[in-house]
Structure formats: structure tokens, C-alpha cells
Amino acid sequence: MTQTPTINFWSRNSLAVRIALASAFFGLLLTGGATVTGLYALSQQLEIRAADELNGKRDLLLHVLSEMPSPEFIVSNQHRFGDLLIGHDDVHLALSDAVTGQTMASFSPTALQSVVVLDGKRNTDSSISSWRSTSDAQFIAVHGTGQVANGKAVRYYLSLDRRHDHVLLSGFVRTTLVALPLLLLFVGLGAWFIARTSLSPLRRFHQLALMVGTRSLSHRVSLSGLPAELFELAQAFNSMLGRIDDGYQRLQAFSSELAHEMRTPVATLMGRTQVGLFKIRTVAELREILEGNVEELERLTRLIADMLLIASAEHNVDILNREPVELDQEAQQIVEYLSLPAEERGLTIEVAGAATVMGDRQLIQRALTNLVSNAIRHAHADSKVELLIATENQHVILAVINVGDGIEPHHLPHIFERFYRVDSARARLDGGTGLGLAIVRSIMTAHGGQVMAQSVETGQTTFTLSFPEKTAVV
């Protein structure tokens, strides 16, 4: 019984919505921090302003006191002290005799209340203290002693109501609390709109994914108008589709070619077997039929083995058993192995040069065997086949050279393709599968090297194996 996977909210939510919510959350943190910082800074500035205002009033008050001839003149000149408070309803002043403590002037009930409260505080003349009234209003105050003209002391009590500052701070907080959700909503919607607009090119990938099928692998994502991040993604996506398309095409070609090439030996086997069963045969006749069938089965076996080798190399399967391989010795062994067919055609085979590479001995032997046997089949009778080994630009080169009919230029680009035959009739008579050169290319590809072919009008044909620097053994 299969279980349906659990899908949470985030796994199915829109990417644009995620970005919007994340932006709103980040905006909340940012604006919240800015609000707290702004509130603290505003509060500090208001306190500094209030302290400066209070100190300024105290300096004016001490100046007016210094102009009074004696404490007795304070009562008759209260208007001069009242002038200090004009336009400042939040400032409260009280004056008292420093000796008797008797109140000499008071300009509000709050001022009288401050006398009682501030006398209980031990403050210097320059320090500012805070106190609360019976109505729970908060004040800052400065009190101390001043002197009149005759040198007598007078106590002063100067208070500043902080009500207006508190109203300002409360209004700032209320405005922020009202504006913050709207701001976050605006930020979230803006982030959602920007994210949705920015991610709209991703719909190209969605549309392409719906279009791609085994018969429509040629479609690609359009790169026009894509941002840098999606441009690189689209390039990688198109490259992936290209590789898939190439692999699928090669698989189709592989299947088609294999079916085509297997059809002939299978049809031959079927026909020979049906003919053998058509009437009663002698033992000798049946043996002849079975021997022919064995030849076709061997050819079919070689074909399948060759195709598997090519498929493994083309799909980057590591098929190598690496070890030091002395190319000159391997070439000599191949020459000895193929000496009989060479002698039958009056050919001489020469090996010149020496080099050692890191590679798979059996595969290198097979590549050399394919090239040398190919050279023997196509060389003119009584001619020479050369195997030249050298090191060029830190690459190991092995060239197989023969003089024969040559290869026409239009064949050269295709001779390493599977089942490609320059002369199909001759290849089948020789028992070839059409995979010899394709196998050589696959073997060299597995070694990180390459095989090249050149043929000139004089009939000299050269097949060159080039092993890369990393495989060379010094």
C-alpha cells in the first residue's frame, strides 16, 4: 500500500508569496528596530531640549533676582517674574525666603506644590530633578538659592511640565502602530509583484517541459530577455536538452543500425535452417548447414560484442584496465600475428620508433589489429605497410601507413561511423561488421585520445592514433 507524501504549506506555496512574506517579515524587523531607535532618540532629544529650556529660564530668573534691591521688592514686582512665564504655560515658578521659608511669590498651584516636594530633595543648584504632582503629571525641576542686590538669599523653585513631550511621544507611537501594518502590507505586495514579475521567465521552462517528448526534443528555452541568473540556467537547461537529444538520437541510430545489421545474419540463419528442414538431409549435408550457421552465429556474436564495446565507450563507462603499454612491442606482436595474410599478398610490414603509454593493453591491441588488418586488406600487392611511433608535443603518435587505392575525400568524414563502409560488397565478403574503425575511435575516446585519417591522390592512406599527454610514460 503506497502512502501519499505529506506536503506542508511551504512546499506548495508560491515562490513569489514566500518572497513577499519573507520581505514583510524582514521589513517588520527593520521598521520595528528603526521605530524603537527613533523613539529612543526622540525621547532623548526632548529631554535635552527640556533641560536646556529649564536652565535658560533659571538663568533669566537669577538675572531678575539680582536686579531686586531686597527680598521685600519681590512682592511688589511680581509682574517682572510673571513676564518670564508669558507664553510658557508649562513653566511653574515659586519664590520663598531662604531664612524663614515663607513663600514670597507663587504663580500657580503647581508651583506651591513643587515647594513642598522639592524641599525634600537634596539637589545642587545646577542639577535637574523630576517629580510628579498629585494628578500624576510629570515635571522636571531645578531649585536652589539666588541673591538679590543687597546680598540676601531667596529660594527659587522652577518646574517644567513634560505633558507636551509625552503627548508628542504617544502620538509618534500611535502613528507608527497605525502606519506600520500598512507599510508592511505595501512592502509585501510590492515584493510579491516584483518577485512574480521577475520570475515570469520561469514560465518558459514550464511551457518547454510540457512540450518536450521523445518526438520533440529539439525545443529549447529562448534566451532573449532573460536576467543573468536565469540566462545561465537556461543555457544549462538547453545544454542538458541537447545532450538528451543527442543521446536519444544516438540510441535510435544504434537500435536502427543494430537491427539492420542483425537482420542479415538472422535471415541467413533462418533461411539455411528452413532449407535444411525442407527435406531429409544426409549427415554431411546437415553438417555443412550447421557449419554455415556457426559462421553466421560467430559473426553475430562479434557484432553484438563490438556494439557493446562502442556503447560503453560512448556512454563514458570506464572500460580501461590501465597499465604501462610499450607500443613498439605491441605493434611487433600484431605484425607477427598478421604476417600470414600479409605474406599472401606479398606485403612487408615495418615498425619504427618506440613509446610507452598508460592504457588498456587488450584494447590497444584491438585498435592496432583493426588498423593493421585494414591496411593489409586495402594495400596494393607487393607494397609496404609502415607503423611509425613517435612523440610530438608531448603526445604519443602511432601512424599506420599503406599505399593502396586510397579513400575518396567525401568518405573521410564518415569512415569512423558505425556500419559505414566505403565498399559494402567487399566488406561483407571479408566477413567484416562495419564496426572496425568505429571501435578504434571508441577505444581512443576511452583513452582520452583521438584517431585521424588522411588519404592522398597517390594512394597513401594514414591512420593516426594520438594518445594524450596524461597517458604518456616518460
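Quick notes on this structure:
- Relative contact order of the stretch 320-473: 25 percent, from C-alpha pairs under 8 Å at least 6 residues apart in sequence.
- The residues packed around ALA355, meaning those with a beta-carbon under 11 Å from its beta-carbon, carry a net charge of -4 if Lys and Arg are +1 and Asp and Glu are -1.
- Considering only LEU217, ASN150, PHE81, the residue lying farthest towards the positive end of the dipole of the chain is PHE81, judged by Cα position with unit charges set on Cβ.
- Computed [θ] at 222 nm, deg cm²/dmol, the chain (DSSP H ≥ 4; -39,500 (n - 2.57); rounded to nearest 500): -19000 deg cm²/dmol
- By the rule of a C-alpha distance below 13 Å, with chain neighbours fewer than 8 residues away ignored, the aspartates and glutamates paired with LYS152 are GLU67, GLU72, ASP97.
- Accessible surface area normalised per residue over the chain is 59 Å², counting heavy atoms of protein chains with a 1.4 Å rolling probe.
- Here the chain is assigned +1 on the Cβ of each Lys and Arg and -1 on the Cβ of each Asp and Glu. Its dipole about the Cα centre then comes out at about 1960 debye.
- Among beta bridges identified by DSSP and lying wholly in the chain, the antiparallel ones come to about 90 percent.
- Normalised by the number of residues in the chain, the average gap of Cα pairs under 8 Å and 6 or more apart makes the relative contact order 10 percent.
- Relative intensity, log₁₀ I(q)/I(0), of the chain from a Debye sum that treats every alpha carbon as a point, q = 0.08, 0.09, 0.13 Å⁻¹: -0.76, -0.87, -1.18
- Dipole of the chain, positive direction: furthest Cα of SER129, GLN332, VAL115, with charges on the beta-carbon: VAL115
- Dipole orientation for the chain: of the candidates THR197, HIS414, VAL451, THR197 has the Cα lying most toward the positive pole (charges on Cβ; Lys, Arg +1; Asp, Glu -1).
- Against the rule of thumb 2.2 N^0.38 Å, how large the Cα Rg of the stretch 367-419 comes out: 1.28
- Neighbour-limited loop hits for trypsin sites (Lys or Arg not before Pro), the stretch 81-149 (at most 16 other Cβ within 10 Å; DSSP other than H, G, I, E, B): LYS121, ARG122
- Of the complete DSSP H runs in the chain, those spanning 27 angstrom or more by Cα along the long axis with a mean Kyte-Doolittle score not below 1.0 are 163-199.
- For the stretch 228-312, the fraction of 1.4 Å probe accessible surface lying on carbon and sulfur atoms is 65 percent.
- Short-range pairs are left out: with C-alpha atoms under 8 Å and at least six residues apart, the relative contact order of the stretch 206-365 is 16 percent.
- The stretch 31-169, accessible surface, carbon-and-sulfur percent (1.4 angstrom probe): 55
The values are calculated or read from the model by the stated rules, or taken from the named source; none is laboratory data. Not measured: the values here are computed from a predicted model. Counting neighbours? That spans all protein chains shown, and the Cβs are built from the backbone with ideal geometry, glycine included. These accessible areas exclude ligands, DNA and RNA; they are computed on the full protein's heavy atoms, side chains included. Shrake-Rupley method; radii C 1.70, N 1.55, O 1.52, S 1.80 Å.
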